[in-house]
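The values are calculated or read from the model by the stated rules, or taken from the named source; none is laboratory data. These numbers come from a predicted model, not from an experiment. Glycine gets a Cβ as well: all are built from the backbone with ideal geometry, and neighbour counts include every protein chain shown. Ligands, DNA and RNA are stripped out before the accessible areas are found, and what is left, the full protein with its side chains, is counted by its heavy atoms. Shrake-Rupley method; radii C 1.70, N 1.55, O 1.52, S 1.80 Å.
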Amino acid sequence: MCGLTGEIRFDGGRPDIAAVERMTDRLAPRGPDGRGLWSQGPVALGHRRLKIIDLSECGAQPMTDPGARLTGVFNGCVYNYRELRDELHALGHRFFSHSDTEVVLKAYQQWGTDCVDRFLGMFAFVIVEQDTGRVVLARDRLGIKPLYLSATSERLRFASSLPALLAAGGVDTSLDPVALHQYLSWHATVVAPRTVLNGVRKLPPATVRVVEPDGTLHDRRYWHPLHTRRAAYADLTADDWTDAVLDALRTAVRRRMVADVPVGVLLSGGLDSSLIVALLADEGQRDLATFSVGFESEGDEDGDEFHYSDLVARHFDTRHHQLMVPSDRVAGALDGAVRAMSEPMMSHDVVAFHLLSEQVAKEVKVVQSGQGADEVFAGYDWYPAMAGAPRERAAEAYIEAYADRSHADMADVLRPEMLPDRDTSAEFIREHMAQDGADTALDAQLRLDTLVMMVDDPVKRVDNMTMDWGLEARVPFLDHELVELAAACPPELKLADGGKGVLKAAGRRVLPREVVDRPKGYFPVPAIRHMAGPVLQRVRDTLTAPEARNRGVFREEYVERLLAAPDAHRTRRGANALWQVALLETWLQTHGIR
């Protein structure tokens, strides 16, 4: 819910209010219901509001607590804010609003930076201590809400999107070769703190950063779940695990109904979103609004899963909305989706989510979505192969199964000046896998996917595409207590039934069997996957534009080879190589990066 911005000066000067205003205005789609600015001394804050909780002006931001002399901006939702409000009230705090933002300020006053340990939810916030000049930035455990940073020796700027930082100006927009290596290695994922731009970084998930008036930084990582077997669960049977997962998911879904506006569901027809609908129905939700999107088929590939989403909608008597997108709309819709991206994201479903969000936002302001279940419960088809590796080979098994291309292959793709002198992406994976706190190879691999890769691919994708229309997406499968439970679950139960075995067992208790026992589906966008029609022309125009040639990121002979056979070149993970290259260049051009 919302977008935040700000600037902190370290050189004794005043913040550039005009720059903060430009950043704030760039975030208007994230917060169409209100705009606010605040400045004192070396700090300025900006905010765009999407009214979800406390619809009155008492919930407006930036919010100042006069008694505590704190001012803050907040993006997201603390689902247990009512319980925390009661606890804080009992401790003597008095409230002037019914918003979760005020609860965040009071919680910080009471518990300092440890307040984040008490929050159940998704959030990014910035709090200014007016008396000391200290500024605190924080991000939720799984990075559901973003926080981008642009720093120099004189100042620090921050915003809920990278394009907002660009609007302020003064950003080093040269490309980061290590981030580019990650982009081409990991299906367009660039992990925190990096972005593809040297001048922009992002606060890592589960991190509290304290910024002192002189610019000194102190970070604390406040959550790192163990992917190990625990004594408390030693006697659980497979049925017990199914009960535990179903109960935890039910709690997660219930938490995400907290709002002063209606909450809908993005219903793909797959197991994950269908489970959300089923559990909401069990909770007594009636007249639930559900939404699905599909695309025209290309060749022999279907473009929708309406059969399954319709089945679930009928079974639970939801108020269902179905959006069919003709292929000739995809190329035009692509431009809007790329404008909404804080970073280049190549997954086909960015267009699907953007188009669907546009329609959903006309009906509701909040939806629940099924993202994250595959990473948390081992749903992808590459997990069984990785799981067979011994613990000491976890990194190599992951690289073999997950990497789009090798470091050697990269030399054929990138110009020499853009290629790191060593395989930095593989080094990152090896370092992560070597850490303690994961029993088996699969435990280590799922930890990497859940805490790192997922944050900067599907999670970021959903936030960017929905919030571009002022639509808040909540993801119950990323409830941190559910994630902790799944991390402790024996790998064999997650791998059963072709993946997500324990989740499928839970699904059979509340869903029609046809929805559970079906081939895994994806959000197909055939016109992009197969580089068809107007999309292909858009790609050609982008890669042959003067900006692309002047930038000189990719070898010209490689680009020519891709354009000569648009659907023939696939990465090791099966992605269209032309699309991956073109998407990066499209994003750079769209955001005015020369």
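Only Lys, Arg, Asp and Glu count, each charged at its Cβ (+1, +1, -1, -1), so figure out the dipole size of the chain about its Cα centre, rounded to 20 debye. It would help to have the intermediate numbers written out before the result.
Working: 69 positive and 87 negative charges, 213 e Å.
That gives the chain a dipole magnitude of about 1020 debye.
Can you send over the solvent-accessible area of VAL516, 1.4 Å probe, protein chains only, in Å² to the nearest 10?
10
Could you give the size of the charge dipole of region 540-594 about its Cα centre, using +1 on the Cβ of each K and R and -1 on the Cβ of each D and E, expressed in debye and rounded to the nearest 20? Let's see the in-between values first.
Values: 9 positive and 7 negative charges, 46 e Å.
It comes to approximately 220 debye.
Which loop-located trypsin sites (Lys or Arg not before Pro) does region 318-370 contain, where loop means any DSSP state but H, G, I, E or B and the Cβ has at most 11 other Cβ atoms within 10 Å? Present the calculation step by step, with values, prior to reporting the outcome.
Numbers: sites: ARG319, ARG329, ARG339, LYS362, LYS365; in loops: LYS362, LYS365.
Passing both the DSSP loop test and the Cβ count: LYS362.
Is the shape of region 495-594 rounded, prolate or oblate, going by the alpha carbon gyration tensor and its root eigenvalues a ≥ b ≥ c, with a/c under 1.5 for rounded and a/b larger than b/c for prolate? Let's see the in-between values first.
Working: a/c = 3.06, a/b = 2.82, b/c = 1.08.
In terms of gyration-tensor shape, prolate.
So which of LYS202/LYS500; LYS202/LYS494; LYS365/LYS460; LYS51/LYS145; LYS362/LYS500 end up more than 22 Å apart, counting from Cα to Cα?
Details: LYS202/LYS500 31 Å; LYS202/LYS494 32 Å; LYS365/LYS460 18 Å; LYS51/LYS145 16 Å; LYS362/LYS500 34 Å.
From the list (LYS202/LYS500; LYS202/LYS494; LYS365/LYS460; LYS51/LYS145; LYS362/LYS500), the Cα-Cα distance tops 22 Å for LYS202/LYS500; LYS202/LYS494; LYS362/LYS500.
Enumerate the amide H contacts of MET122 below 5 Å, restricted to partners 5 or more residues apart or on another chain; note that Pro and chain-start residues carry no placed amide H.
CYS77, TYR79
Could you give the longest part of the chain that holds none of the GluC sites (Glu not before Pro) found in DSSP loops with at most 13 neighbouring Cβ atoms within 10 Å? Show your work: numbers first, answer last.
Details: sites that count: GLU154, GLU283.
Between the exposed loop sites, the longest stretch runs 284-594.
If you take the charge dipole of the chain about its Cα centre, with +1 on Lys and Arg Cβ and -1 on Asp and Glu Cβ, which of MET386, ALA486, VAL208 is farthest toward its positive end?
Selected residue: VAL208.
Taking H placed 1.01 Å from N in the peptide plane, check which residues at least 5 places from PHE554 or on another chain put their amide H under 5 Å from its amide H.
ARG415
Report, to the nearest whole %, how much of the accessible area of the chain belongs to carbon and sulfur atoms, 1.4 Å probe, protein only.
Numbers: 10010 of 20860 Å².
The computed percentage sits at 48.
If one computes the Cα centroid of region 386-461 and of region 1-70, what distance in Å separates the two points?
So the two Cα centres are separated by 38 Å.
At 1.4 Å probe radius, can you tell me the per residue accessible area of the chain in Å²?
On the way: 20860 Å² over 594 residues.
About 35 Å² of surface per residue is accessible.
From the helices alone, meaning DSSP H stretches of at least four residues, give me the mean residue ellipticity at 222 nm for the chain, per-run term -39500 (n - 2.57), in deg cm²/dmol to the nearest 500.
Only helices count here, giving -11000 deg cm²/dmol.
How do ASP421, ASP131 rank by accessible surface area computed with a 1.4 Å probe, from largest to smallest?
ASP421, ASP131
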